[in-house]
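Below is one structure, written out as structure tokens; comments come after it.
The values are calculated or read from the model by the stated rules, or taken from the named source; none is laboratory data. All values derive from a computational prediction rather than experimental measurement. FYI the Cβ positions are ideal-geometry reconstructions off the backbone, even for glycines, and counts take in every protein chain you see. Just the protein is used for accessible areas: all its heavy atoms, side chains included, with ligands, DNA and RNA removed. Shrake-Rupley method; radii C 1.70, N 1.55, O 1.52, S 1.80 Å.
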Amino acid sequence: MLDFLENMFVGNPAQWGGGVAHSVLILSLVVAIGVMFGKIKIAGVSFGVTWILFIGIIFGYLGFNINEHLLHFVKEFGLILFVYSVGLQVGPGFFSAFRKGGLSLNIIAMVVVAVGIALTVILHYVTGLPITTMVGILSGAVTNTPGLGAAQQTFTDLTGNNAPETAMAYAVAYPLGVVGCILSLLVMRYIFKIDVKKEESAAMEVSGNSGGQAVSTLSLVVRNAAIAGKRISDLEPIVGRHFVVSRICKAEQPDMVEMPNADTIIAMGDKLLLIAKMYDIEGIIAFFGEVCDVKWDTGSSQLISRRVLVTRPELNGKHLSSLKIRNNLGVNITRINRSGVDLVANPHLRLQMGDRVTIVGSELCVSHAEKVLGNSLKRLDHPNLIPIFIGMALGCLIGSIPFIFPGIPQPVKLGLAGGPLIVAILVSRFGPNCKLVTYTTMSANLMIREIGISLFLACVGLGAGNGFVDTILNEGGYVWIGYGVIITVVPLLIAGFLGRYVYKVNYLKLIGVLSGSMTNPPALAYSNEQTSCDLPSVGYATVYPLTMFLRVLSAQLLIIFFM
């Protein structure tokens, strides 16, 4: 019995890697125990999946480990799964994040990244710590696990060796990376003398709701004589803003609600129900006339509104205008919800599998439109595995291509973190344009992501556990905590003052931006608790894609330039 337990936990020396059962048992226990501890909250803050790293370190220190070659493979495969699923998630919003007010928010996030990198380089020269250790401290201080993976993989590509000190430094700096970020946001609240209610009211005055980027409806009465007699299709080029006229109540028939089309003529006194982006509403109101109060869903109206899922693969990537929904089916598409974000139904917008379109029309016409668009949850539940595995294969190929830059002694590679991340962003954003079905349900994406990060953290912890205690007690590892706090707090304070006093960003959106610039979900959770509106989430989502990309890339460049 004792031999059996020893073979299961320590490994069977007669089998490669100690045996499959041994390897699976160790990995499963590390992940399961880590996830259980991750559910524990201290003062409302949880370290989440990072507990898997800590449990892996404990197992490694106690001698419960697996073969180093198997450990390396599982770690890299888990990293690929994680960064690819992250890329699929952030890809659709990656490029649109630079439009309108998103550019200034991303500049603030880039300042956080740049100052953190600068402090890492300065501390590297001042303290004499190896750059592998400093990159680990940086990754832990900004709670960015993909950056840790990218750094380790780049070091292995360049030297053929592992750098366990990177993972140890990450594990040491991570706890105060989470806590330090939240405390920095709290300190800024008192420094800026923030009144949350006033910030919420200010946001409402500017955009009408908390988002600004969100889509909203408004009722207008036409008072501008210059547009009387013009068709609806002629108005958008004049006003210079995207909008959709969902319903119209003609001045001569005030009790009848109609569904307009592109050729409908506008007259003075007509009442319109419009859908537009929040930041366009002020200009649209000034152009048409004034806001009015209309009950559109009256008993006399035969029009209904319904959300329908796009589930037919042949519609993937098609322009909305090519469907000719209004002419063929007698309904209007007024907005499209994609990955939780509402979009105005622009004729040039390409449909994607999984889009939820809002359709307005009669009961019979809407039913016909449902059949054309699919509206089948069963189809969406079927996984599209080809784009995932082809994308990961292509990402590995691109990540392995060496790029030679003048003045750099070693070729630069995107690596197994950067390659799949870039390919996933491009595939999820432009795949539908090439008729490629890239849709993955949120639950499936989350499952892939969590499995990937869990395997990666478990392997990193097991690999670093052997020398972790000795590093902390005898090699000055406890000082790394202080360096991590500096890298966490200083960039946030600098960017906070920049955002508040230079770019005049609302505090509630600013703390979301700063949380996103640190890729810190616990900080976002704290930010959301400060208000009932969604400004923190809007700020976080706006900067997260670019920040994630820069964190992964900068971790590799630091290893290449300063090793």
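Taken residue by residue, the range 399-414 has no member that is at pLDDT 75 or above, out of contact with any Pro (no Cβ under 6 Å at 6 or more places or on another chain), open to solvent by 40 Å² or more (accessible area, probe 1.4 Å) and under 30 Å from residue 315 (Cβ atoms).
Do we have residue 270 as in contact (Cβ under 8 Å) with a residue 24 or more places away in the chain and among the acidic types (Asp, Glu) here? When the stated conditions are applied, residue 270 passes them. Beta carbons closer than 6 Å, at least 6 apart along the sequence or on distinct chains, pair a first residue in the range 490-504 that is among the aromatic types (Phe, Trp, Tyr) with a second that is open to solvent by 10 Å² or more (accessible area, probe 1.4 Å) and at pLDDT below 95 for 503/104. Quick one: which of 346, 384 is open to solvent by 40 Å² or more (accessible area, probe 1.4 Å) and at pLDDT below 80? The conditions single out 384. So is residue 60 at pLDDT below 80, open to solvent by less than 50 Å² (accessible area, probe 1.4 Å) and in contact with a Leu (Cβ under 9 Å, 6 or more places away or on another chain) or not? No: the conditions fail for residue 60. Of all residues assigned to the range 184-196, at least one qualifies as being under 18 Å from residue 494 (Cα atoms), open to solvent by 10 Å² or more (accessible area, probe 1.4 Å) and under 24 Å from the mean Cα position of the chain (by Cα). Scanning the range 281-336 for residues that are farther than 19 Å from residue 247 by Cα and either of a type in the set (D, E, K, R) or at pLDDT below 75 (or both) yields 282, 312, 313, 314, 316, 317, 318. Among the residues of the range 306-317, those identified as surrounded by fewer than 18 Cβ atoms within 10 Å (Cβ to Cβ) and either touching a residue at least 12 places away in the same chain (Cβ under 8 Å) or among the β-branched types (Val, Ile, Thr) (or both) are 306, 307, 312, 313. Take the range 456-471 and flag every residue that is surrounded by fewer than 17 Cβ atoms within 10 Å (Cβ to Cβ) and of a type in the set (Val, Ile, Thr). 469 - this is the single residue of the range 456-471 that is surrounded by fewer than 17 Cβ atoms within 10 Å (Cβ to Cβ) and of a type in the set (Val, Ile, Thr). Scanning the range 221-231 turns up no residue that is among the charged types (D, E, K, R), open to solvent by 60 Å² or more (accessible area, probe 1.4 Å), closer than 26 Å to residue 336 by Cα and touching a helix residue (DSSP H, G or I) at 6+ places or on another chain (Cβ under 9 Å). Of the residues making up the range 147-171, those that are surrounded by fewer than 24 Cβ atoms within 10 Å (Cβ to Cβ) and among the β-branched types (Val, Ile, Thr) are 156, 159.
So for the range 267-276 (the condition being acidic (Asp, Glu) and open to solvent by 20 Å² or more (accessible area, probe 1.4 Å)), does at least one residue qualify? No - not one qualifying residue is present in the range 267-276.
State all residues of the range 495-514 that are open to solvent by 80 Å² or more (accessible area, probe 1.4 Å) and β-branched (Val, Ile, Thr); if no residue qualifies, say none. Within the range 495-514, 502 is the sole residue that qualifies. If you go through the range 532-545 and keep only what is open to solvent by less than 20 Å² (accessible area, probe 1.4 Å) and either acidic (Asp, Glu) or at pLDDT 80 or above (or both), you end up with just 543.
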